[in-house]
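Colleague: This is the structure I have questions about; it appears just below.
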Amino acid sequence: MKAVPMMSDTRAIGHETQATVNGTAVRAVPFTQAGEQLPPTWTFTNRYTDRPTTVTCMTGCVIDHSDNIATPTFPEDVWCQTLSEDVSLPINSNGKPEEYRVLGSEIRVIPFSEIIAERLPHVTIEMVDEHIIEGLDPDGLATVIRTLSERIDSLKDRQAQLAQVRADYVRRQA
């Protein structure tokens with residue numbers, strides 16, 4: 001018969017929970033009953049008030065908040081974000097093609113932002129290397145997607161036109 005681990009003394013530490021199982025300290029990330037990992041809840045010292053302030057990260061946050069936890073922090077310097085999805089293309093902006101990031105995106109939330117809209121998760125899109133659109137809610141993101149989709153359709157038409165023009169050109173050169 002297998003020994004059943006005996007739990008005693010469970011407490012939260014930063015992003016994880018520390019528990020004692022059969023006398024051994026272990027750390028576990030909390031999960032829902034459905035097996036989904038819960039976003040971490042943690043506490044930092046508010047630099048304005050010198051009081052503890054508790055924050056729960058948004059789902060998918062990849063920020064290491066250990067510095068926020070370890071030292072007093074201005075609340076507006078606390079944020080969460082997902083991984084950025086980056087791709088680059090060679091862009092000729094000065095006579096020589098250079099790789100620039102294009103259409104990168106990430107979800108962010110800045111829970112203590114002075115800008116109220118940033119207190120909810122929103123998308124930031126890097127259109128071209130360090131030129132960004134910030135604070136997109138679902139409707140704003142839909143507008144950007146629709147605009148870019150129309151441009152993609154136009155580029156597809158241009159591709160078909162280019163193929164025809166090239167074929168005609170090559171045929172006439174022969």
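The values are calculated or read from the model by the stated rules, or taken from the named source; none is laboratory data. Fair warning: this is a prediction, and the values are worked out from it, not measured in the lab. Cβ coordinates were reconstructed from backbone atoms using ideal geometry, including for glycine residues, and neighbour counts include every protein chain displayed. Each accessible area value is taken on the protein alone, full model and side chains, heavy atoms only, with ligands, DNA and RNA left out. Shrake-Rupley method; radii C 1.70, N 1.55, O 1.52, S 1.80 Å.
Colleague: Provide the per-residue ³J(HN,Hα) series for the stretch 107-122, in order, calculated from phi with Karplus coefficients 6.51, -1.76, 1.60 and θ = phi - 60°, each as a whole number of Hz, with x at glycine and proline positions.
Modeller: Ordered by residue, 3J(HN,Hα) equals 9, 10, 8, 10, x, 10, 5, 5, 8, 4, 4, 6, 6, 10, x, 8 Hz.
Colleague: What's the extension gain from residue 163 to residue 71 if we count 0.36 nm per residue and subtract their Cα-Cα distance?
Modeller: In short, 27.1 nm is gained.
Colleague: Sticking with this one: Note down the net charge around residue 165, summing +1 for each Lys or Arg and -1 for each Asp or Glu among other residues with Cβ under 12 Å from its Cβ.
Modeller: That sum, taken over residues with Cβ under 12 Å, equals +3.
Colleague: Hey, quick one: spin label on residue 149, modelled 7 Å out along Cα-Cβ, who in the stretch 92-107 has an amide N within reach, i.e. under 11 Å?
Modeller: The answer is none.
Colleague: In terms of the ratio Rg/(2.2 N^0.38 Å) built on C-alpha atoms, what value belongs to the stretch 128-174?
Modeller: The stretch 128-174 yields a ratio of 1.86.
Colleague: Can you sort 169, 100 by 1.4 Å-probe accessible area, starting with the largest?
Modeller: Correct descending sequence by accessible area is 169, 100.
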